[in-house]
Structures are given as structure tokens and as C-alpha cells.
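What follows is one structure encoded as C-alpha cells, with my remarks underneath.
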Amino acid sequence: MIRLAFAGPVQRETMERALIDLVQKNPTRLVKTLVSHTGIPERLVESLIHLAGIPPDCTGAHLPAASRKKLSDLLTGCPLTVKALGNFSVAMVTRGGVALKEVDPKTMESRIVPGLFFAGEVLDIDGDTGGYNLQAAFSTGYSAARGCMERLKENR
Ligand SMILES: Cc1cc2nc3c(=O)[nH]c(=O)nc-3n(C[C@H](O)[C@H](O)[C@H](O)COP(=O)(O)OP(=O)(O)OC[C@H]3O[C@@H](n4cnc5c(N)ncnc54)[C@H](O)[C@@H]3O)c2cc1C
């Protein structure tokens, strides 16, 4: 099971105090409207309110303490069950590969087989989605190409 903090890095108690404050200041407004003010998208708020067992037309003044606590739990640590991991067809990056300590990082040349150069996915390097893997492929590709050229010049 994983827990997703939709409200960001906010402690559960802090969230509950914020909800109490919002409700006290806006007793006639809908709970979903109040929670939307925290910056969480409205459709997600509607789902979380439903999961907390709060009717969609519930106003702040009618929010029971137990529901408020449940909502605070969901906003700061919604429990989600992982049913399955994605398989190879949805994989984005390969873990494992040529050990980095066996490669000269300046030229990407193998320390074991001179004249052999590595770049990108074939290396034991991986990062989160967000461009790190592409950057690693581009940077190591550039270094490997320069390394090859240097080696060719030396051997001429
Ligand atoms: C769906 C998906 C989403 C991704 N999203 C991101 C992302 O958001 N950010 C990020 O940083 N990275 C992302 N990646 C990872 C990133 O694309 C790779 O890390 C990067 O492209 C690796 O570059 P590469 O040149 O080492 O390998 P590749 O891009 O895999 O290139 C290898 C090339 O070699 C060719 N080839 C294979 N075998 C042979 C052969 N025997 N002879 C000749 N050619 C051959 C292949 O056809 C391919 O063109 C994603 C990957 C996937 C699959």
C-alpha cells in the first residue's frame, strides 16, 4: 500500500486545524468549495469528499468531526493499493548495465576493453522520469563521441 499526500507536505494535524479554521470562518459554504481553496483540483476534491463519506451538499457547519478527521487523513495520506506493476511494454528506462566503475567518465571508454565506448541505456545509470535519462544519453553520447575521436587521432 502507498499513501498519496494530495495536499503536499502538510502534517495531518495541520490540515485538520486548517479545515476547522475554514469551516469556522465559512460555515454556510460547501465543504467541497472550502477544500478547493487549498489548491487541490475540484474534481479530485469531490472524489475525496465522497471517499470521506461527506454528502456533496454538506456545508461547513454540518461537517461532523469524524468526517473532518477522515477528510484530513485522505488529503494528507490517501491510502492506495498497488494492484500490479507495469510490465516491459510500459517500461521507460532500463536498470542495470555496464558498471560505471568500469568506464572512464571523461571519454566513456571501457577500462577493461580499450577502444570500446558506451553511452546511454547500456550503462548502469537510471533516473526518474523528467529528462534525466535523456540527458544522461545525450551527455554520455557526446563524451563517447569525443572519446572515440581522441582515440582515432592517437592511433593515426
Ligand atoms: C515510453 C518511454 C518514455 C520515456 N520517457 C522519458 C522521459 O520522460 N524522460 C527521460 O529522461 N527519459 C525517458 N525515457 C528514457 C529515454 O528515452 C532513454 O533513456 C533514452 O532514449 C536512451 O537513449 P539511448 O540512445 O541510450 O537508447 P535508445 O533511445 O533506446 O536508442 C537505441 C537505438 O539503438 C537501436 N538498436 C537496437 N539494437 C540495434 C542493433 N542491433 N543494431 C542497430 N541499432 C540497434 C534502436 O532501434 C534504437 O534506435 C523514456 C523511454 C520510454 C520507452
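The values are calculated or read from the model by the stated rules, or taken from the named source; none is laboratory data. Computed from a predicted model, the values in this text were never measured in an experiment. Here Cβ is always computed from backbone atoms with ideal geometry, including for glycine, and neighbour counts include all displayed protein chains.
Structural remarks
- Per the conditions (1) over 19 Å from the mean Cα position of the chain (by Cα); (2) surrounded by 14 or more Cβ atoms within 10 Å (Cβ to Cβ); (3) in a loop (DSSP other than H, G, I, E, B), the sole criterion not satisfied by Ser67 is (3).
- Filtered residue count, region 1-22, keeping only those that are outside any helix (DSSP H, G or I) and among the polar types (S, T, N, Q): 1
- Qualifying positions in region 78-122 - without any contact (Cβ under 8 Å) to a residue 40 or more places away in the chain and among the hydroxyl-bearing types (Ser, Thr, Tyr): Ser89, Thr94, Ser110
- Subset of region 92-122 [near the ligand (Cβ under 8 Å from one of its atoms) and either touching a Gly at 6+ places or on another chain (Cβ under 6 Å) or small (Gly, Ala, Ser) (or both)]: Ala119, Gly120, Val122
- Within region 123-138, the set of residues being near the ligand (Cβ under 6 Å from one of its atoms) and touching a residue at least 24 places away in the same chain (Cβ under 8 Å) comprises Thr129, Asn133.
- Taking the numbered list (1) loosely packed, with under 11 Cβ neighbours inside 10 Å; (2) at pLDDT 95 or above; (3) within 11 Å of the ligand (Cβ to nearest atom) in turn, Ser89 passes all entries but (2).
- Checked against the criterion of being assigned to a loop (DSSP other than H, G, I, E, B), among the hydrophobic types (A, V, I, L, M, F, W, C) and at pLDDT 95 or above, region 139-156 has no qualifying residue.
- Tally, over region 23-64, of residues that are part of a helix (DSSP H, G or I) and either of a type in the set (Phe, Trp, Tyr) or closer than 16 Å to Val10 by Cβ (or both): 6
- With respect to the conditions (1) farther than 16 Å from Gly147 by Cα; (2) under 24 Å from the mean Cα position of the chain (by Cα), Val122 lacks only one, and its number is (2).
- Of all residues making up region 138-156, the number that are surrounded by fewer than 17 Cβ atoms within 10 Å (Cβ to Cβ) and in contact with a helix residue (DSSP H, G or I) (Cβ under 9 Å, 6 or more places away or on another chain): 2
- Verdict on Leu75 being more than 8 Å from the ligand (Cβ to nearest atom), in the same structural domain as Gln24 (by TED's automatic domain parsing) and either within 30 Å of Leu48 (Cα to Cα) or free of Cβ contacts under 8 Å to residues at least 40 places away in the same chain (or both): yes
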